1. Give me the distance in nm between label points sitting 7 Å out from Cα along the Cα-to-Cβ direction at residue 206 and residue 85, one decimal.
2. Need one number: nm distance between label points at residue 134 and residue 70, each 7 Å from Cα along Cα→Cβ, rounded to one decimal.
3. Quick one: 130, 86, 168, fewest Cβ neighbours within 10 Å first, how do they rank?
4. On a 0 to 90 degree scale, rounded to 10, what angle separates helix 19-28 from the longest Cα axis of the chain?
5. Starting at 0 and stepping by 5 Å, how many percent of the alpha carbon pairs of the chain end up in each bin?
6. By how many degrees, 0 to 90 and rounded to 10, does the Cα axis of helix 169-180 deviate from the longest principal axis of the chain?
7. Normalised by the residues of the chain, what does the relative contact order come to in percent, with Cα pairs under 8 Å and at least six apart?
8. Mind checking the angle between helix 101-111 and the chain's longest principal axis? C-alpha axes, 0 to 90 degrees, to the nearest 10.
């Protein structure tokens, strides 16, 4: 069984929530630590110089910190201030690689050392959690397709099947109601167990990888 990893996740969550609700979600989020173990397998991350790029303001904490990485936290704009070839891994979790994808790729490649790894996490969908969000999001529609931007641009994808796990159905329903309103109540009504299925795509590539032919 994988070694449990303590979650540094209040800042690393797929949805923006008030602090109290974010803390409750962090306690339920991927309690099996599937996401950090996948990052380690695709990195590796432990002992590496990791740049965590987040669009959020203020100090950030990163999943990679619990794996023993040396983490530098930057915003997308701040990435340009880092020295070239200074990172083993560049990591984005949900808030980066959203708008100008080509520019984000160039910025990441500049910072990566030769052989360095770029890891980008986004929701994948086809799960309970997608019922809480807009079905039109690109992570649910175009990004994971064979002809989508990521797979056309040298990335490979690994889909991680995770859970949001609560202590009881009542606790899950209360959280979903408070955090998401009517969509949350609809998802809660369909639960048979106190957990929501949650699929994450990790788009990954090495520096300089060319698109597949």
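Since every read-out is calculated from the coordinates, none of them should be taken as a lab result. Nothing here was measured: the structure is a model prediction, and the numbers come from that model. Glycine gets a Cβ as well: all are built from the backbone with ideal geometry, and neighbour counts include every protein chain shown.
1. 1.6
2. Here the modelled spin labels are 4.1 nm apart.
3. 168, 86, 130
4. Between helix and principal axis, roughly 90 degrees.
5. All Cα pairs, binned at 5 Å, distribute as 1, 7, 15, 19, 20, 16, 11, 6, 3, 1, 0 percent.
6. 60
7. 21
8. Relative to the chain, helix 101-111 is tipped by roughly 60 degrees.
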